[in-house]
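A.B. asks: Structure in structure tokens, see below.
Every read-out reported here was derived from the displayed coordinates using simple, explicitly stated rules and does not represent laboratory data. As the structure is a computational prediction, the values presented were derived from the model and not from experiment. Here the Cβ positions follow ideal geometry from the backbone for every residue, glycine too, while neighbour counts run over all protein chains shown.
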Amino acid sequence: MRLHSRLALVFTLVATTVVAQTKVTPPKNKYTVEQDVKIGQEAAAEVRKEYPVITDDQIEGYLERLGERLVSAAPADLNKPQFDYSFTPVNLKDINAFALPGGPMFVNRGMIEAADGEGEVAGVMAHELAHVLLRHGTANATKAQGFQIGALAGAIAGAVVGGGLGQVISQGSQFGLGTWLMKYSREYEKQADLLGAQIMARAGYDPRELARMFETIQKQGGGSPPQWLSSHPNPGNRTQYITQEAGMLRVAPRPDDSGFSRTRARFAALAPARTMADLERASGGNGEGNREPVAVGRVGEPVPPPARQYRTVQGGQLFQVSIPTNWTPLSSNNSIKYVPQNAYGPANGETVMTHGVELGVTRAASRDLRQATDALIDGFVRSNQGMRIAGEQRGTQLSGRAAILTPLEGRSVLGGIEHVDVYTTLLADGNLFYHLAVAPDREIDDYTVAFNRVARSIKLNDR
């Protein structure tokens, strides 16, 4: 199932397939290509241990041939010889596909069954290939500055496997690594869309099929976005700009795509596809304390003001905090959120928190609190379109120790501006503890008293 990129070069391309195209430039990246490959292979090994990988010669061969065709159409300047590609089919019904740094790609049976034809599957795979070529995973880690190469593979695997399976992989103080490595920004998504469209055209597929597949994925998500869209947020006007890009490209002759229908038919000979929820239950995970729920109420419905009564809750052995009694805790491996009804869930193709607080730990970029805070805030700003620092940082106290309060503003999915206050302080082990509070501008007066009381109640137990 593995294909080294140097072998993929045996495929020839028609040089005139491109009439004009948008230039896509890889983002800044402090990691080497060899490091991409290393962490991708280590993470892929963990994923293969836990996922129901399909071992069927016909299905494996089909996916590998399709992958090879796309790799051969990749721009030579981005397709590094160190990349080590593989294309693994997985017997899961969730509509999902993902590629790890350096080349390993996994495609769920559910993605293939949701597609109307080979071109739509090729479109998703070309999009994932573009993330590899542009090295978006380690570019995300570069933004965070403090993450170390030795921790990245486990964090990626934890983010991909998730739930009870991911707990052991990503446990400890590496909170947030998976988010950086496996959840792409809208900017990176648009880059992958455009480069993926260009790869499709050179491989003989109409890029408009990629746009149609995005629409299919969105429709089949029902009341919540499919797993694929939760880590690949819609940049907006997706169909429009992919269609515009397609109009500037000349599509190479269509390859033989009869293997698509044969592969779909072959699925009937397999055991029934499982879901990620089935996989988690089989591993002994119950989802509590490991995986965040899909939603608390429905985003967009009225959010009640904070209750006047409070209760004290524990954040593992690290902290305790008092929160309004009408707020719901959402625990995960990287943080704990406390949110009111209708303040957490899917909106515009991603999962959002509109009101409430989040407490978590991330590896500090420096033992200097100011520098560590600046690195964290830079990450928040870069990964949230429209967010900005809204005033001067100021020194404060959190649990009796020196802290920094940074005010931010962003665009609320409910319309208008949202206020985000971020408190940071260093823990005894050198990691950075943060407390984040968010509410829309028009409701901030209702929440300020509650936010201040929550912040004053935090007691850290790390010393």
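A.B. asks: Could you check the simple spin-label distance between D368 and Q309, using points 7 Å along Cα→Cβ, in nm with one decimal?
C.D. replies: 4.9 nm
A.B. asks: Give, as ranges by residue number, the residues of segment 438-459 whose backbone N falls under 17 Å from the point 7 Å along Cα→Cβ of R401.
C.D. replies: The answer is 455-459, whose backbone nitrogens lie closer than 17 Å to the label point.
A.B. asks: Let me ask another. Going by how many other beta carbons lie within 10 Å of each one, how would you line up K219, K38, fewest first?
C.D. replies: K219, K38
A.B. asks: For segment 310-460, what is the convex hull (Cα atoms) projected area averaged across all directions, in square nanometres?
C.D. replies: Here the figure is 8.5 nm², rounded to one decimal.
A.B. asks: Suppose the chain between T328 and T239 were pulled fully straight at 0.36 nm per residue; how much longer would it get relative to their current alpha carbon spacing?
C.D. replies: Net length gain for the segment: 28.4 nm.
A.B. asks: Another question, if that's okay. Residues in segment 187-204, backbone N under 12 Å from the label point at T22 (7 Å along the Cα-to-beta-carbon vector): list them, ranges by number please.
C.D. replies: Residues passing the 12 Å test: 187-198.
A.B. asks: FRET efficiency for D446 and T275, Cβ-Cβ distance as r, R0 = 35 Å, nearest 0.05?
C.D. replies: Approximately 0.35, to the nearest 0.05.
A.B. asks: Let me ask you something else. With θ set to phi - 60°, apply the Karplus curve 6.51 cos²θ - 1.76 cosθ + 1.60 along segment 89-101 and write out the HN-Hα couplings as whole Hz, x wherever there is a Gly or Pro.
C.D. replies: My calculation for segment 89-101 gives x, 10, 8, 10, 7, 4, 6, 7, 7, 8, 10, 9, x Hz in order.
A.B. asks: Can you tell me the length gained on complete extension of the stretch E34 to R411, counting 0.36 nm per residue apart and subtracting the Cα distance?
C.D. replies: Full extension of this stretch gives 131.9 nm more.
A.B. asks: Measuring from label point to label point, each 7 Å out along Cα→Cβ, what is the R48 to K459 span in nm?
C.D. replies: Each label point is offset 7 Å from its Cα along the Cβ direction, giving 5.0 nm.
A.B. asks: What are the residues whose amide H is under 5 Å from the amide H of I54, where those residues sit 5 or more places off or on another chain and H is modelled from the backbone?
C.D. replies: Those qualifying (amide H under 5 Å, at least 5 residues apart or on another chain) are V90, N91.
A.B. asks: Got a sec? Which residues in segment 24-56 would a label at R262 touch, if it sits 7 Å along Cα→Cβ and we count backbone N under 20 Å?
C.D. replies: From segment 24-56, the list is 54-56.
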